[in-house]
Amino acid sequence: MARFKRGDRVVIVDRPVTAADRKSGLFYNHFRGLHGSVDQIYEEAGEVCVEVDLESLPPEFGHRHLEIQEQARQKWLDSLSEQERRSIPAEHRELRHKYTVIVAPEDLAPEPRGKERKPAAHSNTAEATARPQAGGADRPSGAAPAEASAAAATARRATEADLAAQEEAHLQELRRRTQGV
């Protein structure tokens, strides 16, 4: 068993899930091939907490993680008064959630050094986990999940001007509906 310390770069081994894994909850099929760094070591329990690199997540997991992150950020911003929101610098308005997993130390291997790290076999690219635009604009209504993944892969990060324009268009649509035009 390899010994790890906090901050070590690791990759979760690619192996089949066993009945013991299902019972312990320390290994799942989607953990295979994820890259990250050791966040915490629980020697007594025989567990290691790994902060996963978002680029190594499968596209559907990465996309969902970023959706949840955006919802939490929006909920936090909505809880602030308008004056408080204006006083917060733009760089402090970001909210970053970690994606961490707990695995057995036997399921970890040191990340190869000096090699170009490839995303996991089930991951397309880091672009597939790009932040969704406000209001879920990156997924057309009725789009299939595969189409949504393709749309997310090509989506760019919305700027404040984009968001302001989307908000203005939404407000105009609401005014039009309420006026019965």
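The values are calculated or read from the model by the stated rules, or taken from the named source; none is laboratory data. Treat the numbers as computed from the prediction; the structure is a model and nothing was measured. Using ideal geometry, Cβ is built from the backbone for each residue, glycine included, and neighbour counts are taken over all protein chains shown.
Only one of the listed residues (Ala109, Ala128) is modelled with pLDDT under 85, of a type in the set (A, V, I, L, M) and not in a loop (DSSP other than H, G, I, E, B). That residue is Ala128. Residues of the range 15-41 that are under 19 Å from Tyr99 (Cα atoms) and out of contact with any strand residue (DSSP E or B) (no Cβ under 7 Å at 6 or more places or on another chain): Gly25, Tyr28, Asn29, His30.
Residues of the range 22-48 that are more than 14 Å from Leu108 (Cβ to Cβ) and either hydroxyl-bearing (Ser, Thr, Tyr) or surrounded by 14 or more Cβ atoms within 10 Å (Cβ to Cβ) (or both): Ser24, Tyr28, His30. Residues that are in a helix (DSSP H, G or I) and surrounded by fewer than 12 Cβ atoms within 10 Å (Cβ to Cβ) within the range 77-87 comprise Asp78, Glu82, Gln83, Glu84, Arg86, Ser87, listed in sequence order. Using the structure shown, decide if Gln71 is closer than 28 Å to Pro112 by Cα and among the polar types (S, T, N, Q). Spelling it out, it is not the case that Gln71 is closer than 28 Å to Pro112 by Cα and among the polar types (S, T, N, Q). Here Ala90 fulfils each of the conditions (1) without any contact (Cβ under 8 Å) to a residue 40 or more places away in the chain; (2) of a type outside the set (Val, Ile, Thr); (3) exposed (fewer than 14 other Cβ atoms within 10 Å of the Cβ); (4) under 25 Å from Leu163 (Cβ atoms) apart from (1).
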